[in-house]
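Any read-out appearing in this document is the output of simple, stated calculations on the displayed coordinates, not a laboratory observation. Because the structure is predicted, anything quoted here is derived from the model rather than measured. Neighbour counts run over all protein chains shown; Cβ positions are idealised from the backbone, glycine included.
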Amino acid sequence: MLVIKQRLQLCSYLTAGQCVRTIVKEEGIQALFRSYPVTVMMNIPFAMTVVCVNENLKTHFRPWDKSNPHLWYFFCAGVAGGLAGLVTNPLDVIKTRLQTQEIKPSCQKLRELFEISHKEEKSKEPGSFHECAKTAAGEHCVGGECGFELRKVRYRDFLTTTRIIYQREGASAFAKGVGPRMCMNVPSTALSWGFYELIKTMLGVAPTKHE
């Protein structure tokens, strides 16, 4: 589902069904599971970081001794989520490359960015793009249902992807998207763990003052 989500976010003229059919046709059924190992590798340290940091922050700040304990629970969880997102961002970069490959998006603005970033490489390595035509609504692929165009299957496994990213873009590439990732993880972790503590309080199983 993550592979389909990533592709759909890149392509404006694509349904989930069309996305699945295109991926299976062009890359094979294994493409839907190519990023599974690195996804697991990312989720394990992410969860470990969230739990460890959150519990240590609660021990340090002792929210149950504060006048507004739930705000402190949300704060501790948010910090934990942000730090976990920062620590696991390199794995998220690799996961995203495995899931999206080198996709030429259907969105006009993203197409322009794609063409600029691949201008030199495109002249050396001609891709297998479909012909596209411009319409009043934007750009659509001619003669097919695809909403994206697969340049080539470049990223095949964790080690290969890591090597390609490092060789082509340098170590700084593994920090790409860290800001938006933290902006997403801070509120999501704060809400999930904050409400978890709130429910514990409502059930009477949360720590109380001086406990």
Each residue of region 154-168 in order: what ³J(HN,Hα) in whole Hz does its phi give by Karplus 6.51 cos²θ - 1.76 cosθ + 1.60, θ = phi - 60°, with x for Gly and Pro? 9, 9, 10, 8, 4, 5, 4, 5, 4, 5, 5, 4, 5, 5, 8
At Phe61 and Tyr196, where each label point lies 7 Å from the Cα along Cα→Cβ, what is the point-to-point distance in nanometres? 1.6 nm
Can you tell me which of 42-53, 194-205 comes out highest on packing, and rank the rest after it, using the mean Cβ neighbours within 10 Å? 42-53, 194-205
Region 1-108: projected area of the alpha-carbon convex hull, averaged over directions, in nm²: 8.8 nm²
Less than 20 Å from a label point 7 Å out along the Cα-to-Cβ axis of Met48: which backbone N atoms in region 155-191 qualify, by residue? 158-159
Please give, to one decimal in nm, the separation of the simple spin-label points placed at Thr15 and Asn68, each 7 Å out from Cα toward the Cβ. 4.8 nm
Cross-link pairs beyond the 23 Å C-alpha cut-off, checked among Lys58/Lys95; Lys25/Lys176; Lys66/Lys200; Lys58/Lys176; Lys95/Lys176: Lys58/Lys95; Lys25/Lys176; Lys58/Lys176
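Which length gain, in nm to one decimal place, applies between Glu26 and Tyr166 when the Cα-Cα distance is subtracted from 0.36 nm times their residue separation?
47.8 nm
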